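One structure is given here, and the rest of the page talks about it.
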Amino acid sequence: MVFTDTHTHLYDEAFSGEEDQAIARAVEAGVTRLVFPDIDSKSRDSMFALADRHPGTVFPCIGLHPTSVDSGWRSEIEKMEQYLDRNAVAIGETGMDCYWSKEYVEEQKAALEYQIVLAHRKGLPVIIHSREATGPIFDVLDRCRHLDMRGVFHAFSGSIETFRRLQKYGDWYVGIGGVATYKKASIAETLKEIPLGRILLETDSPYLTPVPKRGTRNESSYIPYIAEKVAGLKGTDIEEVAAVTTENARQLFNI
């Protein structure tokens, strides 16, 4: 079986000094493609350096994470755009996060819209982070619905109604990770109604570690645990989940 982790931060300082070993463990577990979402200028160089060491396995993106958006976000965007010639496979992770702070909500909206327009201009998909921000994000999608949008809602935790509404705005997938393995996680029930053809697997490592590894640092080699849970919820086998979600990733990110 071959898997794709469509959202992993193996360049994070949590893996300092053992990034290459974590990638080797992922490949050994069958997770042969790793998509690295960008955060901001503080970690971008280390992300690309790691990607350069693992061509064909690691696929970097460029973007500005919503929690890195403040009054100086345009300066961060300018720094990000200096990497447009580095063969990024997506714009992201962008989006909105109203959980940590609502201080820069309007700036987050503007940064998200800017990056959606950029993705359209470059012919790339968008990776969207959404935390307690469904309404404001749909406000932005409304303004951009003429742009033939495509992408993924990372760490999707919404209702089936939200999923169906999202499909009206373009070609959208949902990223499913370790949360689906937690007891009483609402996304587990929602997953039963989401077509497998719209699902991408992700870890969001080093965060959101799946059961049975919960309580430890997450890493891409744990994707099979998530796939197994998805298979159970969808009433199929892990081989089909691996095949379909990997094809979904190939279609979206061209990897």
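Remarks
- Residue count, segment 197-217 (criterion: crowded, with 18+ Cβ neighbours inside 10 Å and either in contact with a Leu (Cβ under 6 Å, 6 or more places away or on another chain) or β-branched (Val, Ile, Thr) (or both)): 3
- Residues located in segment 1-22, provided they are in contact with a helix residue (DSSP H, G or I) (Cβ under 6 Å, 6 or more places away or on another chain) and under 28 Å from residue 243 (Cα atoms): 1, 2, 3, 4, 5, 6, 8, 10, 11, 19, 22
- Residue among 57, 94 that alone is in contact with a Lys or Arg (Cβ under 7 Å, 6 or more places away or on another chain) and open to solvent by less than 50 Å² (accessible area, probe 1.4 Å): 57
- Qualifying residue in segment 142-157 (condition: surrounded by fewer than 23 Cβ atoms within 10 Å (Cβ to Cβ), at negative phi, touching a Lys or Arg at 6+ places or on another chain (Cβ under 9 Å) and assigned to a loop (DSSP other than H, G, I, E, B)): yes
- Enumerated strands (runs of 3 or more DSSP E) restricted to segment 25-118, each holding at least 2 residues that are closer than 18 Å to residue 132 by Cα: 91-97
- Residue in segment 20-38 that is nearest to residue 69 (Cα to Cα), counting only those that are open to solvent by 40 Å² or more (accessible area, probe 1.4 Å) and free of Cβ contacts under 8 Å to residues at least 60 places away in the same chain: 20
The values are calculated or read from the model by the stated rules, or taken from the named source; none is laboratory data. None of these values were measured; they are calculated from a predicted model. Backbone-built Cβ (ideal geometry, glycine too); neighbour counts: all protein chains shown. Accessible surface is based on the protein model in full, side chains and every heavy atom, while ligands, DNA and RNA are left aside. Shrake-Rupley method; radii C 1.70, N 1.55, O 1.52, S 1.80 Å.
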